[in-house]
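Below is one structure. I have some questions about it.
The values are calculated or read from the model by the stated rules, or taken from the named source; none is laboratory data. This is a predicted model, so every value here is computed, not measured. Here the Cβ positions follow ideal geometry from the backbone for every residue, glycine too, while neighbour counts run over all protein chains shown.
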Amino acid sequence: MLASAAAPVGLVPYTVSGDSIDASLTGAPGDPAHGKILFEDRQISTCVLCHADPSAPPPPGGAIGPSLAGVGSRLNKGQIRLRIVDSSRVAPETIMPSFYVVAGLVRVGRAWQGKPVLDAAQIEDIVAWLATLRSP
(Lines give C-alpha, C1' and ligand atoms only; values in the text may rest on other atoms or scores of the structure.)
Protein backbone atom coordinates (compact mmCIF):
# COMPACT_ATOMS: atom_id res chain seq x y z
CA MET A 1 0.00 0.00 0.00
CA LEU A 2 1.29 3.43 -0.89
CA ALA A 3 0.88 6.37 1.39
CA SER A 4 1.95 9.81 0.23
CA ALA A 5 2.93 12.44 2.70
CA ALA A 6 1.83 15.98 1.94
CA ALA A 7 4.85 18.22 2.22
CA PRO A 8 4.70 21.48 4.14
CA VAL A 9 6.28 24.47 2.41
CA GLY A 10 9.97 23.83 1.74
CA LEU A 11 9.81 20.08 2.25
CA VAL A 12 9.98 17.53 -0.54
CA PRO A 13 6.93 15.25 -0.85
CA TYR A 14 7.65 11.53 -0.60
CA THR A 15 5.78 8.26 -0.89
CA VAL A 16 5.86 5.56 1.78
CA SER A 17 5.49 2.04 0.47
CA GLY A 18 5.30 -0.55 3.23
CA ASP A 19 8.28 0.08 5.50
CA SER A 20 10.22 2.17 3.01
CA ILE A 21 10.60 5.45 1.15
CA ASP A 22 12.14 4.05 -2.01
CA ALA A 23 12.86 7.27 -3.90
CA SER A 24 15.62 9.65 -2.90
CA LEU A 25 14.26 12.88 -1.41
CA THR A 26 16.62 14.84 -3.64
CA GLY A 27 16.41 12.68 -6.77
CA ALA A 28 20.10 11.87 -6.42
CA PRO A 29 22.24 9.62 -4.24
CA GLY A 30 23.70 11.12 -1.09
CA ASP A 31 27.37 11.58 -0.25
CA PRO A 32 28.42 8.89 2.26
CA ALA A 33 31.51 10.84 3.44
CA HIS A 34 29.35 13.85 4.29
CA GLY A 35 26.76 11.53 5.84
CA LYS A 36 29.34 10.23 8.32
CA ILE A 37 30.26 13.80 9.26
CA LEU A 38 26.58 14.66 9.78
CA PHE A 39 25.99 11.49 11.82
CA GLU A 40 28.85 12.39 14.16
CA ASP A 41 27.85 16.07 14.55
CA ARG A 42 25.84 16.39 17.79
CA GLN A 43 24.68 19.88 16.83
CA ILE A 44 23.20 18.94 13.45
CA SER A 45 21.82 15.42 13.38
CA THR A 46 21.87 14.45 17.06
CA CYS A 47 22.25 10.78 15.95
CA VAL A 48 25.14 10.09 18.34
CA LEU A 49 23.09 11.24 21.30
CA CYS A 50 21.28 7.88 21.14
CA HIS A 51 23.24 5.65 18.74
CA ALA A 52 26.82 4.62 19.35
CA ASP A 53 29.19 5.40 16.50
CA PRO A 54 29.40 2.05 14.70
CA SER A 55 33.04 2.70 13.79
CA ALA A 56 34.08 3.18 17.42
CA PRO A 57 34.11 0.86 20.43
CA PRO A 58 30.73 0.73 22.20
CA PRO A 59 30.31 3.27 25.00
CA PRO A 60 30.78 1.83 28.51
CA GLY A 61 27.17 2.48 29.51
CA GLY A 62 25.68 1.33 26.23
CA ALA A 63 23.47 3.40 23.96
CA ILE A 64 19.78 4.29 24.04
CA GLY A 65 19.21 3.40 20.38
CA PRO A 66 20.03 0.13 18.66
CA SER A 67 23.44 -0.53 17.19
CA LEU A 68 23.84 0.67 13.63
CA ALA A 69 26.79 -1.62 12.96
CA GLY A 70 25.92 -3.60 9.83
CA VAL A 71 22.66 -1.69 9.26
CA GLY A 72 23.35 -1.62 5.51
CA SER A 73 23.15 -5.43 5.52
CA ARG A 74 19.86 -5.50 7.46
CA LEU A 75 17.97 -2.66 5.76
CA ASN A 76 17.90 -1.26 2.24
CA LYS A 77 18.25 2.48 1.55
CA GLY A 78 14.49 3.00 1.41
CA GLN A 79 14.00 1.36 4.81
CA ILE A 80 16.82 3.43 6.30
CA ARG A 81 15.35 6.59 4.75
CA LEU A 82 11.91 6.04 6.32
CA ARG A 83 13.44 5.42 9.73
CA ILE A 84 15.23 8.77 9.54
CA VAL A 85 12.32 10.71 8.01
CA ASP A 86 9.67 9.34 10.41
CA SER A 87 10.58 6.28 12.46
CA SER A 88 7.15 6.28 14.11
CA ARG A 89 5.75 4.93 10.82
CA VAL A 90 7.70 1.72 11.50
CA ALA A 91 7.62 1.69 15.31
CA PRO A 92 4.78 3.85 16.71
CA GLU A 93 6.16 3.76 20.28
CA THR A 94 9.70 4.78 19.31
CA ILE A 95 11.46 7.58 21.11
CA MET A 96 13.47 8.37 17.97
CA PRO A 97 12.47 11.78 16.69
CA SER A 98 11.15 12.38 13.21
CA PHE A 99 13.96 14.17 11.43
CA TYR A 100 11.90 15.39 8.45
CA VAL A 101 8.23 15.35 9.48
CA VAL A 102 7.00 18.58 11.04
CA ALA A 103 3.22 18.13 11.27
CA GLY A 104 1.31 16.31 13.98
CA LEU A 105 4.17 16.28 16.48
CA VAL A 106 3.80 17.03 20.18
CA ARG A 107 6.26 18.52 22.66
CA VAL A 108 8.41 20.19 20.01
CA GLY A 109 10.70 22.97 21.17
CA ARG A 110 9.70 26.42 19.97
CA ALA A 111 12.88 26.76 17.88
CA TRP A 112 12.02 23.57 15.96
CA GLN A 113 8.29 24.07 15.41
CA GLY A 114 7.48 23.85 11.71
CA LYS A 115 11.07 23.02 10.73
CA PRO A 116 12.66 19.64 10.03
CA VAL A 117 15.76 18.65 11.99
CA LEU A 118 17.48 17.63 8.73
CA ASP A 119 16.91 18.78 5.17
CA ALA A 120 16.45 16.37 2.26
CA ALA A 121 20.12 16.47 1.20
CA GLN A 122 21.34 15.79 4.73
CA ILE A 123 18.99 12.82 5.02
CA GLU A 124 20.26 11.41 1.72
CA ASP A 125 23.87 11.82 2.85
CA ILE A 126 23.20 9.96 6.12
CA VAL A 127 21.25 7.24 4.26
CA ALA A 128 24.19 6.83 1.87
CA TRP A 129 26.66 6.44 4.74
CA LEU A 130 24.49 4.07 6.78
CA ALA A 131 23.97 1.90 3.68
CA THR A 132 27.76 1.40 3.54
CA LEU A 133 27.79 -0.17 7.00
CA ARG A 134 27.79 -3.84 6.04
CA SER A 135 28.20 -6.92 8.22
CA PRO A 136 31.44 -8.79 7.60
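Among the listed residues Ser55, Ser73, which satisfies the condition of being farther than 18 Å from Tyr14 by Cβ, of a type in the set (Ser, Thr, Tyr) and at pLDDT 95 or above?
Ser73
Now for a different question. Restricting to the stretch 24-40, name every residue that is part of a loop (DSSP other than H, G, I, E, B) and either under 14 Å from the mean Cα position of the chain (by Cα) or farther than 20 Å from Val71 by Cα (or both).
Ser24, Leu25, Thr26, Gly27, Ala28, Gly30
Only one of these is among the β-branched types (Val, Ile, Thr), over 20 Å from Tyr14 (Cα atoms) and assigned to a helix (DSSP H, G or I): Val48, Val108. Name it.
Val48
Given the condition assigned to a helix (DSSP H, G or I), under 17 Å from Thr26 (Cβ atoms), of a type in the set (D, E, K, R) and out of contact with any Leu (no Cβ under 8 Å at 6 or more places or on another chain), answer yes or no: does some residue in the stretch 65-85 qualify?
Within the stretch 65-85, one or more residues are assigned to a helix (DSSP H, G or I), under 17 Å from Thr26 (Cβ atoms), of a type in the set (D, E, K, R) and out of contact with any Leu (no Cβ under 8 Å at 6 or more places or on another chain).
Taking the stated definitions as given, is Arg42 among the charged types (D, E, K, R) and closer than 24 Å to Ala103 by Cβ?
no
Still on this structure, I have one more. Scanning for something small (Gly, Ala, Ser), in contact (Cβ under 8 Å) with a residue 24 or more places away in the chain and loosely packed, with under 13 Cβ neighbours inside 10 Å, does the stretch 96-108 turn up at least one residue?
Yes, the conditions are met somewhere in the stretch 96-108.
Next question, about the same structure. Please go through the stretch 39-53 and pick out each residue that is touching a residue at least 60 places away in the same chain (Cβ under 8 Å) and touching a Phe, Trp or Tyr at 6+ places or on another chain (Cβ under 9 Å).
Within the stretch 39-53, Phe39, Ser45, Thr46, Cys47 meet the criteria.
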